[in-house]
1. Does residue 87 satisfy being in contact with a Gly (Cβ under 8 Å, 6 or more places away or on another chain), at negative phi and at pLDDT 80 or above?
2. Could you list all residues from the range 32-81 that are over 12 Å from residue 20 (Cβ atoms), among the aliphatic types (A, V, I, L, M) and at pLDDT below 80?
3. Would you mind listing the strands (runs of 3 or more DSSP E) fully within the range 46-130 where at least 2 residues are over 22 Å from residue 152 (Cα atoms)?
4. When the range 27-77 is examined, which residues are found to be in contact with a Ser or Thr (Cβ under 7 Å, 6 or more places away or on another chain) and not hydroxyl-bearing (Ser, Thr, Tyr)?
5. Scan the range 37-49 and give yes if some residue there is touching an Asp or Glu at 6+ places or on another chain (Cβ under 9 Å), over 19 Å from residue 165 (Cβ atoms), among the hydroxyl-bearing types (Ser, Thr, Tyr) and in contact (Cβ under 8 Å) with a residue 12 or more places away in the chain, otherwise no.
6. Tell me, please, whether a residue that is hydroxyl-bearing (Ser, Thr, Tyr), surrounded by 14 or more Cβ atoms within 10 Å (Cβ to Cβ) and more than 25 Å from the chain's Cα centre (by Cα) can be found in the range 80-100.
7. Out of everything in the range 109-134 that is of a type outside the set (A, V, I, L, M, F, W, C) and open to solvent by 60 Å² or more (accessible area, probe 1.4 Å), what residue ends up being farthest from residue 66 (Cα to Cα)?
8. Yes or no: the range 94-108 includes at least one residue that is of a type in the set (Val, Ile, Thr) and in contact (Cβ under 8 Å) with a residue 12 or more places away in the chain.
Amino acid sequence: MNEPFTFVSPLSPQDCHQRLEKLAKNRHFYFSSGSFILHIKIDSIKASQDGLNLFILCNPERLRNYALVYFKLLGQIQPSDKGTTIQLQLQLSKPFSKSDWGFLVFSLLIYVFAFFGVTIGILSSYLWEGLLIGFVVVVAGIGYAWQLYTTYKFGSEKIIDLVFKALRPNLSAKLQEQDSKKPDWLSSLSESQ
């Protein structure tokens with residue numbers, strides 16, 4: 001995730017900025033990989049003449065275990081002979097607003113209280129009951145860590161793909177055949193073209 005992703009868009013820098021602003025207005029995107037459905041929410045965009053910052057929240061669609069991952073997509077936009085050269089770099093970020101911070105702190109407090117409650121339950125129970133409670137907690141912790149990792153991994157792939165498709169309106173024929181139906185969000189970005 002530390003290495004920048006660079007590509008050339010046939011659009012002008014102004015058109016790239018317009019398409020990114022339209023993408024940010026759509027805000028909510030859903031991607032599926034089997035039973036896992038990822039919700040990508042573009043919180044805000046800060047664009048300058050030659051760069052952009054997209055602030056993005058990823059979480060499983062059903063908010064299972066509150067596996068929230070915050071990203072910041074840094075971009076450099078520079079005119080070139082063939083259109084516009086775009087360099088994207090995705091980074092983990094902190095929550096963007098006070099409400100996001102509040103929600104994150106609240107959910108962490110719930111986990112801390114649950115952990116102390118389980119610890120007291122284990123210490124005040126018989127050996128086999130304590131082992132059973134401990135086993136359930138370990139399995140739940142592993143499940144949460146796996147879901148957080150899946151959200152991070154799948155989100156980091158799909159965010160770059162989302163921006164790439166938004167800024168490359170005329171993908172090769174092979175890619176268009178693979179995506180035989182153009183996504184609705186991509187069609188809405190193309191209305192001005």
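The values are calculated or read from the model by the stated rules, or taken from the named source; none is laboratory data. These numbers come from a predicted model, not from an experiment. Here the Cβ is made from the backbone with ideal geometry for all residues, glycine too, and neighbour counts use every protein chain on show. To get the accessible areas, we keep the full protein, side chains included, count just its heavy atoms, and leave off ligands, DNA and RNA. Shrake-Rupley method; radii C 1.70, N 1.55, O 1.52, S 1.80 Å.
1. Values: in contact with a Gly (Cβ under 8 Å, 6 or more places away or on another chain): yes; at negative phi: yes; at pLDDT 80 or above: yes.
So residue 87 passes the test.
2. 63, 67
3. Numbers: elements: 51-60, 69-80, 83-92.
Those strands (runs of 3 or more DSSP E) span 69-80, 83-92.
4. So the first thing to find is which residues in the range 27-77 are in contact with a Ser or Thr (Cβ under 7 Å, 6 or more places away or on another chain), and the list is 36, 38, 55, 58-60, 66-67, 69-72, 77.
Of everything in the range 27-77, those that are in contact with a Ser or Thr (Cβ under 7 Å, 6 or more places away or on another chain) and not hydroxyl-bearing (Ser, Thr, Tyr) turn out to be 36, 38, 55, 58, 59, 60, 67, 69, 71, 72, 77.
5. No - not one qualifying residue is present in the range 37-49.
6. First pass over the range 80-100, keeping only residues hydroxyl-bearing (Ser, Thr, Tyr): 80, 84-85, 93, 97, 99.
The next check asks that each one be surrounded by 14 or more Cβ atoms within 10 Å (Cβ to Cβ); those that pass are 84-85, 93.
Pick out the ones that are also more than 25 Å from the chain's Cα centre (by Cα) and you get none.
Looking through the range 80-100, none of the residues is hydroxyl-bearing (Ser, Thr, Tyr), surrounded by 14 or more Cβ atoms within 10 Å (Cβ to Cβ) and more than 25 Å from the chain's Cα centre (by Cα).
7. Kept after step one, since they are of a type outside the set (A, V, I, L, M, F, W, C), are these residues of the range 109-134: 111, 117, 119, 121, 124-126, 129-130, 134.
Imposing the further condition that a residue be open to solvent by 60 Å² or more (accessible area, probe 1.4 Å) reduces the set to 111, 124, 126, 129.
Values: 111: 10, 124: 29, 126: 32, 129: 28 Å.
Looking at the filtered set, the residue picked out is 126.
8. Restricting attention to the range 94-108, the residues satisfying the condition of being of a type in the set (Val, Ile, Thr) are 105.
The next check asks that each one be in contact (Cβ under 8 Å) with a residue 12 or more places away in the chain; those that pass are none.
No: the range 94-108 contains no residue that is of a type in the set (Val, Ile, Thr) and in contact (Cβ under 8 Å) with a residue 12 or more places away in the chain.
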